[in-house]
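Visitor: Once you've had a glance at the structure underneath, I'll fire off some questions.
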Amino acid sequence: MEWILLLIILSFLLRPKDRGKPYNHYFSLLNQQLQKKAGGQPSQLVDLDTVDNNLEAVQQRLHGETKLRLVVKSIPCLPLINYLMDRTGSRRLMVFHRPFLSFLHRYYHDVDFLLGKPLPIAAVTRFWNTCDDEQKQRLNQIQWLIDSPERLRQYLRFARQHQIKLSINVEVDIGLHRGGVSSADELSVLLGLIADHPRYLQFSGLMGYEAHIAKLPTLPWRKQQQLFRARDEVARRFTQLVSFIQQQFPDLWHDQLTLNGAGSQTYMFYQHMSLFNDISVGSALLMPKGFEHPWLRGHHAAYFIATPILKKLNRFELPFLEMISKAIGWWNPNWRQALFIYGGYWKAIPEAPGGLSLNRLYGRSSNQEILTSSTRTALTMDDFVFFRPQQSEAVMLEFEDLLIVRRGQIVEKWPVLSRSISEVSHG
């Protein structure tokens, strides 16, 4: 009898609090507009006012001589890229996807492109075959990322075959351990190949990405100390390689080399250092959920998914387990209602109104995902629920357009870059 009484007491003590709440003013206004402008289907939104604030935070933290490079995979929307380049004056892009490179290189005649990952030689060949004659005259706009002697020899053979010169940026492993050179000996092999073939190859710089700094496992009260210790180790490794080039390959060294590093999660660690002269940022401007860190204070969420409620059920029931479902709903006030939405299974979590949750007991669905909620959310059929994506680079490509928000109003619709942008072969 005592055990039963103890279980009852524990069940009340451990009972979840009701997290449900109606929309705040911001999302209430967006819900009203989406019901008129979204065509009754899932949409994604970017708040440009918040993007402006995030961009200001980035610019305040960049070292005076450090140039901003926008990361296309995180902002894959041409009008958004144009907007950010106009606001910053930057004419530097980092590109990861070959079709995007083909499209953007044809579109921009004055932009410096740095590949964010080494492309297979087959992708380079495809790029060349889709270039028109005018583009082929502008190959010096592109810095190709090289991670190994084998890949560089492939690029050398390609350059010799087509009688062209390729700008080569060397990927440096400064702690992430996913490829690239990690020692002066490895770098020496690559630089030797470049120095021996000046007609076909030219050295354009180094690229060192170190996202691991932001994800180091450590005790919370030691986090900041650990972060700066890791930052200093990155700086030591990168500086050693820079010094090696200056001393052993002085003919390849000049002040216009691109020394790229950091990223949205780590750029602020270098605001008082001159280690990199080229910093890549993309996601920090939109602030998906996965980039929420204490040291990114001043950055706020600017990117959301919104989708309408198709069905509202006043109780949540698991198939063939209705009695258990009823008990769960009694115990957890956040599981009192079931909402079936249009679409789902995005890499995103519910954001508004408060108290919504994905229901893994029922199972995920990309057709009609179920959300459970408290009755205090005050939602009904055709209302929109809002999600906060974990990232933008893959999620944004699942939609055709971006709805642009200014001062709480949906003002424009911008097309997103397609995964497979149509291209005309000129080869």
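Visitor: Does the range 364-417 hold any residues that are among the small types (Gly, Ala, Ser) and either in contact (Cβ under 8 Å) with a residue 24 or more places away in the chain or on the phi > 0 side of the Ramachandran plot (or both), and which are they?
Guide: Scanning the range 364-417 gives Ser373, Ser374, Ala378, Ser392, Ala394, Gly408.
Visitor: So, in the range 81-102, how many residues would count as being touching a Gly at 6+ places or on another chain (Cβ under 9 Å) and without any contact (Cβ under 8 Å) to a residue 24 or more places away in the chain?
Guide: The number of residues fulfilling the criteria is 1.
Visitor: Taking the residues in the range 189-241 that are open to solvent by 40 Å² or more (accessible area, probe 1.4 Å) and among the basic types (Lys, Arg) as candidates, determine which candidate is modelled with the lowest pLDDT.
Guide: Result: Lys223.
Visitor: Scan the strands (runs of 3 or more DSSP E) fully inside the range 338-399 and keep the ones with 1 or more residues being under 28 Å from the mean Cα position of the chain (by Cα) and among the charged types (D, E, K, R).
Guide: 348-352, 384-389
Visitor: Here's another thing I want to ask about it. Got a number for residues in the range 88-123 being open to solvent by less than 70 Å² (accessible area, probe 1.4 Å) and in a loop (DSSP other than H, G, I, E, B)?
Guide: Of the residues in the range 88-123, 8 are open to solvent by less than 70 Å² (accessible area, probe 1.4 Å) and in a loop (DSSP other than H, G, I, E, B).
Visitor: Search the range 345-359 for residues that are under 20 Å from Val395 (Cα atoms) and pair each with any residue that is outside any strand (DSSP E or B) and among the basic types (Lys, Arg) when their beta-carbon atoms are under 7 Å apart and the residues are at least 6 apart or on different chains.
Guide: Once the first residue is under 20 Å from Val395 (Cα atoms) and sits in the range 345-359, its partners that are outside any strand (DSSP E or B) and among the basic types (Lys, Arg) give Tyr345/Arg364; Ile349/Lys289.
Visitor: Going residue by residue through the range 124-133, is there one that turns out to be open to solvent by 50 Å² or more (accessible area, probe 1.4 Å) and outside any helix (DSSP H, G or I)?
Guide: There is no residue in the range 124-133 that is open to solvent by 50 Å² or more (accessible area, probe 1.4 Å) and outside any helix (DSSP H, G or I).
Visitor: Somewhere in the range 67-87, is a residue modelled with pLDDT of 95 or more, assigned to a helix (DSSP H, G or I) and more than 19 Å from the chain's Cα centre (by Cα)?
Guide: yes
Visitor: Please go through (1) open to solvent by less than 50 Å² (accessible area, probe 1.4 Å); (2) assigned to a helix (DSSP H, G or I); (3) not hydroxyl-bearing (Ser, Thr, Tyr) for Glu186 and return the number of the only condition it doesn't satisfy.
Guide: Among (1) open to solvent by less than 50 Å² (accessible area, probe 1.4 Å); (2) assigned to a helix (DSSP H, G or I); (3) not hydroxyl-bearing (Ser, Thr, Tyr), the lone unmet condition for Glu186 is (1).
Visitor: May I pose another question? Which numbered condition trips up Thr258, out of (1) hydroxyl-bearing (Ser, Thr, Tyr); (2) touching a residue at least 60 places away in the same chain (Cβ under 8 Å); (3) surrounded by fewer than 17 Cβ atoms within 10 Å (Cβ to Cβ)?
Guide: Unmet for Thr258, out of (1) hydroxyl-bearing (Ser, Thr, Tyr); (2) touching a residue at least 60 places away in the same chain (Cβ under 8 Å); (3) surrounded by fewer than 17 Cβ atoms within 10 Å (Cβ to Cβ): (3).
Visitor: Do you know which residues across the range 256-288 are β-branched (Val, Ile, Thr), outside any loop (DSSP other than H, G, I, E, B) and over 10 Å from the mean Cα position of the chain (by Cα)?
Guide: Within the range 256-288, Thr258, Ile279 meet the criteria.
The values are calculated or read from the model by the stated rules, or taken from the named source; none is laboratory data. Computed from a prediction, not measured in an experiment: that's the story for all the values here. Using ideal geometry, Cβ is built from the backbone for each residue, glycine included, and neighbour counts are taken over all protein chains shown. Side chains included, ligands, DNA and RNA excluded: accessible areas come from the protein's heavy atoms. Shrake-Rupley method; radii C 1.70, N 1.55, O 1.52, S 1.80 Å.
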